[in-house]
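Novice: Handing you a structure now.
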Amino acid sequence: MSLLSVAGVTKRFGGVVANREVSFDVAPGELVGVIGPNGAGKSTLFDLVTGFQRPDAGRVSLDGRDVTGLRPDRISHLGVARTFQKLKPFAGMTVLENVMVGAFHATADVAAARATAREVLEAVGLGDRAEMHARGLSTGQRKRLELARALATRPRLLLLDEVTGGVDQASVPGLIRLVRDLHATGLALLVIEHNMRVIMEISQRVVALQLGQVIADGPPAEIVRDRRVIDAYLGETWKA
């Protein structure tokens, strides 16, 4: 059984169709990349999966259970977490306190939440930044903080929205290694990413969107040779 199943999902905003009959599955422990040009409906799709938006049609299932339109907190309690493109840490709180916010999802015990937060910060490479205020982090470090806060909820499925977006190129290899390490633990990941070299390095499968529709779904090596993907997103330069 698929861990996540998206079946015929459609979302409209007035006359704009952000997602049109989108269907795909994510198996337990699978790492799936999501690509497409700006406006293709990638972040809206994440909103539909995590309950921030309700689809106008279609169904979202987790472990065979229909979770369509459930509130984000209820979906989170079922084992789904996400990061966002726009980084919004609690700037006046320490890095540790930021991650404890995620840890309180599973416990009301302060000591337990603090222990979980420290464990996760070590895992994402921010253990030595635990006591500094979040406002003092670089963009790359804030990406890791956003990831740590999501991981502190102990998800089975993690949705990453442009984890390398906006970071300096020197930070990208470290983030790639981090995503791979997380995947190696058995965590299932659904990853939006514009950097195709990142997608090629980390993904087991890629779903390509254009104008809200799935135009291709398959192994990375096949996706980058798909004429529909080249025409809609990659361009002839990538093909060359």
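Novice: Could you say whether any residue in the range 145-162 is surrounded by fewer than 21 Cβ atoms within 10 Å (Cβ to Cβ), farther than 24 Å from residue 32 by Cβ and of a type in the set (Lys, Arg)?
Specialist: Scanning the range 145-162 turns up no residue that is surrounded by fewer than 21 Cβ atoms within 10 Å (Cβ to Cβ), farther than 24 Å from residue 32 by Cβ and of a type in the set (Lys, Arg).
Novice: Return the residue satisfying two criteria in turn: it lies in the range 77-98 and is part of a helix (DSSP H, G or I) and more than 17 Å from the chain's Cα centre (by Cα), and of such residues it is surrounded by the most Cβ atoms within 10 Å (Cβ to Cβ).
Specialist: Out of the qualifying residues, it is 95.
Novice: Tell me which residues, restricted to the range 99-120, are of a type in the set (Val, Ile, Thr) and either over 14 Å from residue 148 (Cα atoms) or not in a helix (DSSP H, G or I) (or both).
Specialist: Result: 107, 110.
Novice: Applying the selection to the range 124-153, what residues are of a type in the set (A, V, I, L, M) and touching a residue at least 40 places away in the same chain (Cβ under 8 Å)?
Specialist: If the condition is that a residue be of a type in the set (A, V, I, L, M) and touching a residue at least 40 places away in the same chain (Cβ under 8 Å), then 124, 134, 137, 145, 147, 148, 150, 151, 152 are the ones that fit.
Novice: So, one more: On the given criteria, is residue 42 of a type in the set (D, E, K, R), in contact (Cβ under 8 Å) with a residue 12 or more places away in the chain and either farther than 22 Å from residue 103 by Cβ or not assigned by TED's automatic domain parsing to the domain that holds residue 137 (or both)?
Specialist: Yes, satisfied.
Novice: Can you list residue pairs whose Cβ atoms sit under 9 Å apart, with the first residue in the range 171-192 being closer than 17 Å to residue 159 by Cβ and the second being in a strand (DSSP E or B) and of a type in the set (Asp, Glu)? Count only pairs 6 or more apart in sequence or on different chains.
Specialist: Every condition considered, the pairs that remain are 191/161; 192/161.
Novice: Filter the range 121-144 for residues that are assigned to a helix (DSSP H, G or I) and among the aliphatic types (A, V, I, L, M) and give the result.
Specialist: Within the range 121-144, 121, 123, 124, 134 qualify.
Novice: Does the range 205-214 contain any residue that is surrounded by fewer than 22 Cβ atoms within 10 Å (Cβ to Cβ), closer than 19 Å to residue 103 by Cβ, more than 14 Å from the chain's Cα centre (by Cα) and in contact (Cβ under 8 Å) with a residue 24 or more places away in the chain?
Specialist: So far as the range 205-214 goes, no, none of its residues is surrounded by fewer than 22 Cβ atoms within 10 Å (Cβ to Cβ), closer than 19 Å to residue 103 by Cβ, more than 14 Å from the chain's Cα centre (by Cα) and in contact (Cβ under 8 Å) with a residue 24 or more places away in the chain.
Novice: Would you confirm whether or not the range 37-49 contains a residue that is at pLDDT below 95, surrounded by 21 or more Cβ atoms within 10 Å (Cβ to Cβ), aliphatic (A, V, I, L, M) and more than 25 Å from residue 181 (Cβ to Cβ)?
Specialist: Yes, the range 37-49 has at least one match.
The values are calculated or read from the model by the stated rules, or taken from the named source; none is laboratory data. Predicted model, so just to flag it, every value in this text is computed and none were measured. Note that we place each Cβ from the backbone using ideal geometry, even for glycine, and neighbour counts take in every protein chain shown.
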